[in-house]
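K.L.:
Structure provided below as structure tokens; questions to follow.
The values are calculated or read from the model by the stated rules, or taken from the named source; none is laboratory data. None of the values given here were measured: they were computed from a predicted structure. Glycine gets a Cβ as well: all are built from the backbone with ideal geometry, and neighbour counts include every protein chain shown.
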Amino acid sequence: MEPKDYWSNTSGNEIVGCFIEKVDKGLTKGEIEALVAWETVTKEIHEELTYSNLYDSMDNIWSVLFMAEYLTMSGKPEGKRIRLAIPNMEIRNIFMGQIMAFYWAS
């Protein structure tokens, strides 16, 4: 019996879906596609982000993806700006199957 993805069945993606419905499809979609291609994107991460101010900025999607461990840090941080990458094949499959599906559906 082959092992199956564990991560994709442990949580919902409602917050991510809500962000993706609201963000600029061109720029963020290209960045998501770059991540799926094993590239990195550099973003400012707000670890102090709370649920009450989650939607104050659409750039918060990067902090949410990082803190929910959909993305990991690549290299050393430059202040609050860090290079983000998909950590493994299982998470890449989530990006390809679920997160990209939010784009194609809208």
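K.L.:
State which residue is nearest to residue 41 (Cα to Cα) when the search covers only the range 62-106 and only residues that are modelled with pLDDT of 85 or more, among the hydrophobic types (A, V, I, L, M, F, W, C) and more than 13 Å from the chain's Cα centre (by Cα).
P.N.:
82
K.L.:
Taking into account only those residues within the range 40-61 that are assigned to a helix (DSSP H, G or I) and surrounded by 13 or more Cβ atoms within 10 Å (Cβ to Cβ), which is farthest from the chain's Cα centre (by Cα)?
P.N.:
Among those that are assigned to a helix (DSSP H, G or I) and surrounded by 13 or more Cβ atoms within 10 Å (Cβ to Cβ), it is 60.
K.L.:
Might you check whether a residue that is crowded, with 17+ Cβ neighbours inside 10 Å, within 16 Å of residue 28 (Cβ to Cβ) and of a type outside the set (A, V, I, L, M, F, W, C) occurs anywhere in the range 65-83? Explain how you work it out, then say what you get.
P.N.:
The first filter runs over the range 65-83 and keeps only residues crowded, with 17+ Cβ neighbours inside 10 Å, leaving 65-66, 70-71, 82-83.
Add one more test, that the residue is within 16 Å of residue 28 (Cβ to Cβ), and what stays is 65-66, 70-71.
The next check asks that each one be of a type outside the set (A, V, I, L, M, F, W, C); those that pass are 70.
Yes; the residues of the range 65-83 include at least one that is crowded, with 17+ Cβ neighbours inside 10 Å, within 16 Å of residue 28 (Cβ to Cβ) and of a type outside the set (A, V, I, L, M, F, W, C).
K.L.:
Quick check on the range 19-39: of everything there that is surrounded by fewer than 12 Cβ atoms within 10 Å (Cβ to Cβ) and not in a helix (DSSP H, G or I), which residue is modelled with the highest pLDDT?
P.N.:
Selected residue: 38.
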